[in-house]
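Everything below concerns the one structure shown next.
Bear in mind that the values in this text are calculations on the coordinates, not laboratory data. Remember, predicted model here, so these are calculated numbers, not experimental data. Cβ placement follows ideal geometry from the backbone for every residue including glycine, while neighbour counts extend to all protein chains displayed.
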Amino acid sequence: EMENYRADVGLLTRNVVIQGDHVYTKKEQFGAQMVMSTESNTEDNPLVAQFSNVEVRQTGQGFFIGRYPIHFHHSGNIKGRAHVVGCAVHRTFNRAVTNHATHGLVVTDTVAYNVQGHAFFFEDAVEKHAVYERNLGVLIRPSYSLLMSDLTPAVFWVTNPNNHFIGNHAAG
């Protein structure tokens, strides 16, 4: 009788690429970072940040807390105005997608591969109403310069149960 084997497959390449340089980024573990933050996220001054089908590689800064490839930082309620959809985040020096004090973030169909530290990371346990759906995390590596928990990192580090996780996969 034949056994049925299935594998998760994630495409890493995209046409739009955000990356660190080829020399110093690897040598110093000091890559690009994107921080979406606003102190006055209101109807008159809303934060809008939508990443769709973007490749993010050689990013994050390995020895600094808060220097993540894609970082929603104290963004307030962003429901309907911010998402990370169909992206690939790989070969990072500090996490993949971080949600810090942001509510209503949508992260779907995104691949995190060869990431140092927790990949999809909720920072303070106040984050709520996020939707993470059909994401894939593979080859998550320990970090010796972040939090103690990053010594044994998780693909999904979730600190508040008031969020929605549907059909996500963690492998390797």
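Per-structure values
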read-out: Rounded to the nearest 20 debye, dipole of the chain from Cβ charges on Lys, Arg, Asp, Glu; value: 340
read-out: 18 Å cut-off, amide nitrogen to a point 7 angstrom out along residue 131 Cα→Cβ, residues in region 68-97; value: 77-87
read-out: Residue of 109, 150, 124 that the Gaussian network model of the chain assigns the largest fluctuation, springs spanning Cα pairs under 10 Å; value: 124
read-out: Amide proton proximity set for residue 130, modelled H, under 5 Å, gap of 5+; value: 104, 105, 164
read-out: Interchain or long-range residues, amide H under 5 Å from residue 70's placed H; value: 34, 98
read-out: Fully extended contour minus Cα-Cα distance, from residue 23 to residue 169, at 0.36 nm per residue; value: 49.3 nm
read-out: Among 117, 137, 104, residue whose mean-square fluctuation peaks in a GNM of the chain (springs only between Cα atoms under 10 Å); value: 104
read-out: Neighbour cut-off at most 13 other Cβ (10 Å), DSSP loop, GluC sites (Glu not before Pro), region 1-73; value: 1, 3, 39, 43
read-out: Gained length - residue 38 relative to residue 149, 0.36 nm times residue gap less alpha-carbon distance; value: 37.2 nm
read-out: For region 54-67, Karplus couplings with θ = phi - 60° (6.51, -1.76, 1.60), whole Hz, Gly/Pro x; value: 10, 9, 10, 9, 6, 10, x, 10, x, 10, 10, 5, x, 10
read-out: D_trans [Stokes-Einstein, Kirkwood Rh over alpha-carbon pairs] for the chain, 4 °C, 1.567 mPa s, µm² s⁻¹; value: 81
read-out: Contact order normalised by residue count of the chain, Cα under 8 Å, 6+ apart, percent; value: 18
read-out: Between region 1-42 and region 99-122, the alpha-carbon center distance in angstrom; value: 10
